[in-house]
1. Hey, could you check segment 14-51 for residues that are within 11 Å of the chain's Cα centre (by Cα), assigned to a strand (DSSP E or B) and not hydrophobic (A, V, I, L, M, F, W, C) and say which is surrounded by the fewest Cβ atoms within 10 Å (Cβ to Cβ)?
2. Please pick out the residue among SER2, SER33 that is without any contact (Cβ under 8 Å) to a residue 12 or more places away in the chain and out of contact with any Lys or Arg (no Cβ under 7 Å at 6 or more places or on another chain).
3. Mind checking which residues of segment 23-62 are of a type in the set (S, T, N, Q) and touching a strand residue (DSSP E or B) at 6+ places or on another chain (Cβ under 6 Å)?
4. Within segment 17-50, work out how many residues are touching a helix residue (DSSP H, G or I) at 6+ places or on another chain (Cβ under 8 Å) and small (Gly, Ala, Ser).
Amino acid sequence: MSVTVEVVNEGIEEVETDDGATFGDLLDPFDVSEQEIIVLVDGLPAALDAEMPDDVDQVRVVPATPGG
């Protein structure tokens, strides 16, 4: 499965994944810390350890802002 990953301030890349891949697996090609980002799917946060549904074709990764 191919997923378009937009990492704010890093760029956009097509990432190939296997069945059972998690949202965290999408971050492998990027130089980001999982503790400092939020993955958004259709504008909603997704847990990094959650398995991606088959219908996800793009995600956006944004920096987490401490203090809300």
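1. Among them, the one singled out is PRO45.
2. On the way: SER2 fails: without any contact (Cβ under 8 Å) to a residue 12 or more places away in the chain.
None of the other options fit; the residue is SER33.
3. Let us first name the residues in segment 23-62 that are of a type in the set (S, T, N, Q), namely 33, 35, 58.
Once the filter is applied, which keeps residues that are of a type in the set (S, T, N, Q) and touching a strand residue (DSSP E or B) at 6+ places or on another chain (Cβ under 6 Å), segment 23-62 yields only GLN58.
4. First, pick out the residues of segment 17-50 that are touching a helix residue (DSSP H, G or I) at 6+ places or on another chain (Cβ under 8 Å): 17, 24, 27, 34, 37, 39, 48-49.
Applying the additional criterion that residues be small (Gly, Ala, Ser) yields 24.
Residues flagged as touching a helix residue (DSSP H, G or I) at 6+ places or on another chain (Cβ under 8 Å) and small (Gly, Ala, Ser) within segment 17-50 amount to 1.
A short reminder: the numbers here are calculations on the coordinates, not readings from a lab. The model shown is predicted, which means the values in this text are computed figures rather than measured ones. When we count neighbours, we look across all protein chains shown, and the Cβ atoms used for this are built from the backbone with ideal geometry, even at glycine.
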